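Student: Could you have a look at this structure, given as structure tokens, before my questions?
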Amino acid sequence: MVKKKAEKNHVSKYERRTFILSKKLKKKLKDPILIEGLPGIGFVGKLAAEYIAKELKGKKIAELYSYYFPHQVMMKKNGLIRMLKYRMYLESTKTKDLIILVGDLQPMSSEAQYEIAVEVIKYFKRLGGKFIITLGGYSTGIPVTNVRVLGAATHKQVVEEYSKKGIIFGESKGAILGAAGLFLGIGKIMGLKGICLMGETHGAYIDAQSAKAVLEKLKEILKLDLDLSKIEQTAKETEKIIKKIEADIAKEKEELTKQSGELSYIR
């Protein structure tokens with residue numbers, strides 16, 4: 001009797017709820033740092049991270065896709081479409097390599113946030129990463145003239161080190177929602193250190209000035225050759241994209257409500 005070979009229980013990466021498509025790197029990275037900036041309060045983190053990636057001309061090395069993202073594609077001016085996704089760019093400095101993570105949106109469920117954070121951190125650790133910097137806004141509810149950059153960190157040593165660099169600790173209160181908080185929390189569990197840099201902002205509008213304040217601190221801390229004169233224009237371009245995404249999702253919610261009679265909230 002001829003025995004049949006057992007079929008391998010192989011699951012394609014495309015069948016997973018969250019997956020990363022990455023390029024093979026030609027060299028080992030130098031003490032890589034992950035910089036995360038996704039949509040959030042005042043879109044401060046998103047503005048800052050995307051500005052770094054664009055101005056430093058980072059090389060795209062990975063994209064993250066997830067079934068947790070809204071079921072839609074974006075239509076581009078050239079007639080093509082693209083999926084909603086996170087993108088990771090590599091920028092090399094004299095002493096370190098930076099992995100800059102940006103994206104279109106954040107999922108709303110806790111399960112999605114945890115799963116995506118774990119996948120990103122696992123990928124970052126495979127690259128030899130040990131330190132994470134997340135970027136965001138700290139809502140004051142009032143207009144801010146002189147923007148301060150507040151901090152929250154994973155370890156006491158990080159607080160001591162970054163206090164010397166002008167980051168203010170102990171004055172921010174409450175919780176850090178979404179990726180800016182979870183990347184640090186899960187990263188700490190997985191043996192990494194990190195810090196969240198938060199620019200003060202009203203919180204009700206896209207705040208380029210707050211993003212600029214965060215970028216100024218990052219430029220100083222990481223010794224980046226970064227021109228910040230174009231940040232205002234970047235804010236205007238980002239606002240157009242965000243409004244388009246939010247309008248599409250609002251329309252989708254309205255259609256779902258008509259069909260089911262129940263409100264389905266997705267952002």
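The values are calculated or read from the model by the stated rules, or taken from the named source; none is laboratory data. Because the structure is a prediction, the values reported are computed rather than measured. For neighbour counting, all protein chains shown are included, and Cβ atoms are generated from backbone atoms with ideal geometry for every residue, glycine included.
Student: Does any residue in region 170-186 that is at negative phi and at pLDDT below 95 come within less than 7 Å, Cβ to Cβ, of a residue that is of a type outside the set (A, V, I, L, M, F, W, C) and surrounded by 19 or more Cβ atoms within 10 Å (Cβ to Cβ) six or more places away or on a different chain, and which pairs are these?
Tutor: 172/138
Student: Hand me the list of strands (runs of 3 or more DSSP E) wholly inside region 47-152 holding 1 or more residues that are within 21 Å of residue 25 (Cα to Cα) and basic (Lys, Arg). Working first, answer last.
Tutor: Values: elements: 59-66, 73-75, 81-83, 86-92, 97-103, 131-139.
Qualifying strands (runs of 3 or more DSSP E): 59-66, 86-92.
Student: While we're looking at this one, here's another question. Give region 157-179 a look and list any residue that's among the basic types (Lys, Arg) and farther than 21 Å from residue 220 by Cα, or say none.
Tutor: 173
Student: Before we move on, is residue 156 touching a Lys or Arg at 6+ places or on another chain (Cβ under 8 Å) and free of Cβ contacts under 8 Å to residues at least 60 places away in the same chain?
Tutor: Criteria not met by residue 156.
Student: Could you tell me which residue of region 52-95 is farthest from residue 129 (Cα to Cα), considering only residues that are free of Cβ contacts under 8 Å to residues at least 40 places away in the same chain and among the aromatic types (Phe, Trp, Tyr)?
Tutor: Checked region 52-95; the qualifying residue farthest from residue 129 (Cα to Cα) is 69.
Student: I'm trying to understand the selection: among the residues of region 47-89, which are more than 19 Å from residue 118 (Cβ to Cβ) and acidic (Asp, Glu)?
Tutor: Once the filter is applied, which keeps residues that are more than 19 Å from residue 118 (Cβ to Cβ) and acidic (Asp, Glu), region 47-89 yields 50, 55.
Student: Out of (1) surrounded by fewer than 19 Cβ atoms within 10 Å (Cβ to Cβ); (2) within 19 Å of residue 125 (Cβ to Cβ); (3) among the aliphatic types (A, V, I, L, M), the odd one out for residue 62 is which?
Tutor: That leaves (1) as the condition not met.
Student: A further question follows. For region 31-51, what are the residues that are over 12 Å from the mean Cα position of the chain (by Cα) and either of a type in the set (Lys, Arg) or buried (at least 24 other Cβ atoms within 10 Å of the Cβ) (or both)?
Tutor: The first filter runs over region 31-51 and keeps only residues over 12 Å from the mean Cα position of the chain (by Cα), leaving 31-33, 41-42, 51.
Residues satisfying the conditions are 42, 51.
Yes/no per residue for (1) out of contact with any Phe, Trp or Tyr (no Cβ under 7 Å at 6 or more places or on another chain); (2) charged (D, E, K, R); (3) closer than 19 Å to residue 103 by Cα:
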{"position": "157", "(1), (2), (3)": "yes, no, no"}
{"position": "160", "(1), (2), (3)": "yes, yes, no"}
{"position": "165", "(1), (2), (3)": "yes, yes, no"}
{"position": "168", "(1), (2), (3)": "yes, no, no"}
{"position": "173", "(1), (2), (3)": "yes, yes, no"}
{"position": "176", "(1), (2), (3)": "yes, no, yes"}
{"position": "189", "(1), (2), (3)": "yes, no, no"}
{"position": "193", "(1), (2), (3)": "no, yes, no"}
{"position": "196", "(1), (2), (3)": "yes, no, yes"}
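Student: Something else about it: Among the residues of region 52-75, write down those that are more than 14 Å from the chain's Cα centre (by Cα) and of a type in the set (D, E, K, R).
Tutor: 54, 55, 57, 59, 60
Student: Look through 86, 138 and report the one residue that is within 26 Å of residue 12 (Cα to Cα), at pLDDT 95 or above and aromatic (Phe, Trp, Tyr).
Tutor: 86
Student: Go through region 160-194 and count every residue that is part of a loop (DSSP other than H, G, I, E, B) and aliphatic (A, V, I, L, M).
Tutor: Filtering region 160-194 down to residues part of a loop (DSSP other than H, G, I, E, B) leaves 164-167, 170-178, 190-192.
Those left that are additionally aliphatic (A, V, I, L, M): 167, 175-177, 190, 192.
Residues that pass the stated criteria total 6.
Student: When the residues of region 96-134 are filtered to those that are among the polar types (S, T, N, Q) and in contact (Cβ under 8 Å) with a residue 24 or more places away in the chain, which remaining residue is surrounded by the fewest Cβ atoms within 10 Å (Cβ to Cβ)?
Tutor: Only one residue fits best here, namely 109.
Table: residues versus (1) part of a strand (DSSP E or B); (2) at pLDDT 95 or above; (3) in contact with an Asp or Glu (Cβ under 8 Å, 6 or more places away or on another chain).
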site: 196; (1), (2), (3): yes, yes, no
site: 203; (1), (2), (3): no, no, no
site: 209; (1), (2), (3): no, no, no
site: 215; (1), (2), (3): no, yes, no
site: 226; (1), (2), (3): no, no, yes
site: 239; (1), (2), (3): no, no, no
site: 242; (1), (2), (3): no, no, no
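Student: On the given criteria, is residue 145 surrounded by fewer than 13 Cβ atoms within 10 Å (Cβ to Cβ) and of a type in the set (Val, Ile, Thr)?
Tutor: yes
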